[in-house]
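For reference, the structure discussed in these notes is given below.
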Amino acid sequence: MQENILEIKNICKFYPGVRALDDVSLAFKTGEIHALAGENGAGKSTLIKMLTGAVEPTSGEIILNGQSYAKLDPFQAVKEGIAAVYQEFNLIPHLSVAENIFYGKEIMNGPFVDKKAMAQEVQKELDIMGISLDPMAYICDLGVAYQQLAEIVKAVMSHSQVLILDEPTAPLTSKETDVLFKIMRRLKENNVSIIFISHRMEELFEICDRVTVLRDGKFISTRNIADITRKGLIADMVGRPLGESYYERQKPLGDTILEVKGMNSRKVKDISFTVKKGEILGFGGLVGAGRTEVAQAIFGADKITSGEIYLRGKKVTIKDPVSALRHGIGLIPEDRKNQGVLLNLPINQNITFSSLKKVMRGPFIQKNKDLKVSENYIDELKIKTPSVAQLVKNLSGGNQQKVVLAKILATDCEVIIFDEPTRGIDVGAKQEIYSLMRKLADEQGKTIIMISSEMPELIGMSDRILVMHNGRIAGELQKDEFSQEAILSLASGITGG
């Protein structure tokens with residue numbers, strides 16, 4: 001048996017109206033990859049924030065290397081060798097990758113920071129890891145996936161003995177996930193303990209040694225990964241058996257609603273496609289292929305340099321997101337923290353933010369109407385919250401995603417773009433979102449564009465798939481042509497183009 005490097009005993013964390021953690025005890029061994037599993041709101045994020053000193057326990061103790069602590073502060077956690085990569089990145093946007101990694105421990109040349117030396121050190125680690133990333137690139141110029149890779153490199157280079165990875169693969173493609181898993185195995189061989197959180201079931205069974213399940217803030221089980229089945233793990237997580245199903249079309253498609261002709265922007269070239277009423281059009285491709293940039297251009301978040309957009313056969317000009325919403329086009333962004341929600345505002349103000357005219361009389365918001373709209377969406381989307389007045393920053397990642405969904409649904413948009421709709425969402429909530437998308441497409445006739453890096457989701461939910469490579473559409477696949485091989489072949493530029 002390996003020695004326990006970290007133990008949690010009888011940990012509790014109570015907020016007003018919420019028991020985030022309720023008498024939780026578990027242990028992590030030296031040199032193991034230990035999964036934390038559970039639905040959104042189960043207490044996973046609260047637990048890891050306690051370990052990094054971001055949240056103070058109400059009661060209980062943390063034992064690290066045999067030393068007992070009633071609480072840890074962030075400086076103490078780092079000193080004791082705990083590092084974390086959170087879902088919400090901890091990077092400084094206007095500094096380079098290397099400057100972020102060495103922040104607070106810069107390499108100096110006399111009185112000056114030696115940026116070149118720092119970049120060279122980072123490049124050495126990038127080469128070892130097999131990650132293609134420019135250490136001099138500014139964080140603000142990187143997409144979400146590359147920011148995630150920068151966070152992982154930063155954590156690895158801290159030489160910690162406990163590394164916490166919270167949904168690290170969510171924005172990564174299968175190729176980049178393979179690179180990450182190689183890094184994790186190398187760290188494990190060096191006796192680093194890794195706490196791994198992922199809602200992708202297949203990843204837990206591929207990379208982890210043990211798995212602990214939390215549900216509603218309580219400890220449910222710890223098992224060797226070899227001793228549990230996928231169905232058994234899901235049953236522990238949700239408290240009941242749960243089938244997995246994707247989209248099954250019930251009604252024929254309608255007329256063409258959206259048509260994009262020869263669209264060009266700073267990052268995409270000659271994009272042309274159509275989407276019909278009630279259709280779910282999937283966009284596949286590798287990270288950096290231009291999928292999110294297509295969505296942002298259509299939504300007016302990126303400037304279109306040339307090309308045309310038609311709605312119901314009529315040419316429209318979309319200069320910004322406000323005009324997109326006015327024309328009935330909504331975007332649920334990949335980066336919900338920075339682009340989807342207002343973290344310091346309550347749920348109700350977030351939900352009605354883009355549809356204020358619905359709840360206003362003259363220049364004033366009708367409070368009762370605002371609350372009614374918000375409560376309806378909280379019920380419909382099963383958002384876990386003690387009240388509509390809860391600040392969004394205090395919700396779990398999955399419930400924050402549901403608030404973004406509610407905000408767009410409240411606008412009654414005809415065309416809805418889902419960019420990585422289930423990123424960081426648990427298996428139960430995924431089924432809820434798939435069901436919602438079926439309802440929107442089939443019952444309400446909404447037109448949906450879905451960008452997804454999860455192959456089963458992309459294949460299971462889409463009516464058609466467009467695959468992108470190097471900023472262009474490399475090819476189109478009909479339902480009977482769907483396969484992971486076909487998508488990856490187009491995404492890699494092997495076929496099509």
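The values are calculated or read from the model by the stated rules, or taken from the named source; none is laboratory data. This one's a predicted model, so the numbers in the text were calculated from it and none came from an experiment. FYI the Cβ positions are ideal-geometry reconstructions off the backbone, even for glycines, and counts take in every protein chain you see.
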Take the residues of the stretch 90-117 that are over 28 Å from THR173 (Cβ atoms) and either touching a His at 6+ places or on another chain (Cβ under 6 Å) or of a type in the set (A, V, I, L, M) (or both): which is surrounded by the fewest Cβ atoms within 10 Å (Cβ to Cβ)? MET108
For the stretch 1-39, which residues satisfy the criterion of being acidic (Asp, Glu) and under 19 Å from MET237 (Cα atoms)? ASP22, ASP23, GLU39
Please go through the stretch 8-59 and pick out each residue that is out of contact with any Cys (no Cβ under 7 Å at 6 or more places or on another chain), buried (at least 16 other Cβ atoms within 10 Å of the Cβ) and among the acidic types (Asp, Glu). GLU32, GLU39
Any chance you could count how many residues in the stretch 255-293 are of a type in the set (Lys, Arg) and either assigned to a strand (DSSP E or B) or under 14 Å from GLU308 (Cα atoms) (or both)? 3
Hey, among the residues in the stretch 431-465 that are outside any helix (DSSP H, G or I) and more than 14 Å from GLY284 (Cβ to Cβ), which one's nearest to the chain's Cα centre (by Cα)? ILE448
Which members of the stretch 294-316 meet the condition of being part of a strand (DSSP E or B) and either touching a residue at least 40 places away in the same chain (Cβ under 8 Å) or within 30 Å of ALA389 (Cα to Cα) (or both)? ILE304, THR305, SER306, GLY307, GLU308, ILE309, TYR310, LEU311
Restricting the search to the stretch 487-497, which residues are in contact with a strand residue (DSSP E or B) (Cβ under 8 Å, 6 or more places away or on another chain), β-branched (Val, Ile, Thr) and assigned to a loop (DSSP other than H, G, I, E, B)? THR495
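For (1) without any contact (Cβ under 8 Å) to a residue 12 or more places away in the chain; (2) of a type in the set (A, V, I, L, M); (3) within 29 Å of GLY300 (Cα to Cα), each residue gets a yes or a no:
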| residue | (1), (2), (3) |
| --- | --- |
| ASN368 | yes, no, no |
| TYR377 | no, no, yes |
| VAL388 | no, yes, no |
| ASN394 | no, no, no |
| CYS413 | no, no, yes |
| LEU436 | no, yes, yes |
Residue among GLU293, GLU259, GLU279 that is of a type in the set (Asp, Glu) and in contact with a Leu (Cβ under 7 Å, 6 or more places away or on another chain): GLU279
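Results for (1) β-branched (Val, Ile, Thr); (2) in contact with a strand residue (DSSP E or B) (Cβ under 8 Å, 6 or more places away or on another chain), shown as yes or no for each residue.
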position: VAL275; (1), (2): yes, yes
position: GLY288; (1), (2): no, no
position: ALA295; (1), (2): no, yes
position: LYS303; (1), (2): no, yes
position: GLY307; (1), (2): no, yes
position: GLY328; (1), (2): no, yes
Specify the residue that is modelled with the lowest pLDDT; the eligible residues are those in the stretch 397-428 that are within 12 Å of the chain's Cα centre (by Cα) and among the small types (Gly, Ala, Ser). GLY424
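Residues checked against (1) buried (at least 19 other Cβ atoms within 10 Å of the Cβ); (2) among the polar types (S, T, N, Q):
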| residue | (1), (2) |
| --- | --- |
| ASP442 | no, no |
| THR447 | yes, yes |
| ALA474 | yes, no |
| LYS479 | no, no |
| GLU485 | no, no |
Within the stretch 466-486, restricting attention to residues that are polar (S, T, N, Q) and not in a loop (DSSP other than H, G, I, E, B), which residue is nearest to the chain's Cα centre (by Cα)? GLN484
Could you go through the stretch 414-423 and let me know if any residue there is surrounded by fewer than 22 Cβ atoms within 10 Å (Cβ to Cβ), part of a strand (DSSP E or B) and in contact with a strand residue (DSSP E or B) (Cβ under 6 Å, 6 or more places away or on another chain). yes
Residues of the stretch 12-28 being in a strand (DSSP E or B), out of contact with any His (no Cβ under 7 Å at 6 or more places or on another chain) and over 11 Å from LYS218 (Cβ atoms), in sequence order, are LYS13, PHE14, TYR15, VAL18, LEU26, ALA27
Report yes if GLY104 is in contact (Cβ under 8 Å) with a residue 60 or more places away in the chain and in a loop (DSSP other than H, G, I, E, B), otherwise no. no
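Results for (1) hydrophobic (A, V, I, L, M, F, W, C); (2) touching a Lys or Arg at 6+ places or on another chain (Cβ under 8 Å); (3) modelled with pLDDT of 90 or more, shown as yes or no for each residue.
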residue: GLU3; (1), (2), (3): no, yes, no
residue: SER25; (1), (2), (3): no, yes, yes
residue: LEU51; (1), (2), (3): yes, no, yes
residue: ASN65; (1), (2), (3): no, no, no
residue: LEU72; (1), (2), (3): yes, no, yes
residue: GLY81; (1), (2), (3): no, no, yes
Subset of the stretch 317-368, residues touching a Ser or Thr at 6+ places or on another chain (Cβ under 6 Å), within 18 Å of VAL260 (Cβ to Cβ) and part of a helix (DSSP H, G or I), comes to LEU325
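Which residues, counting only those in the stretch 53-99, are among the basic types (Lys, Arg) and in a strand (DSSP E or B)?
Filtering the stretch 53-99 down to residues among the basic types (Lys, Arg) leaves 71, 79.
If the condition is that a residue be among the basic types (Lys, Arg) and in a strand (DSSP E or B), then no residue fits.
Every residue, every condition in (1) surrounded by 21 or more Cβ atoms within 10 Å (Cβ to Cβ); (2) at negative phi, yes or no:
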position: ASP270; (1), (2): no, no
position: GLY278; (1), (2): yes, no
position: VAL294; (1), (2): yes, yes
position: GLY313; (1), (2): no, no
For the stretch 251-265, name all the residues that are crowded, with 16+ Cβ neighbours inside 10 Å and modelled with pLDDT under 95. LEU253, SER265
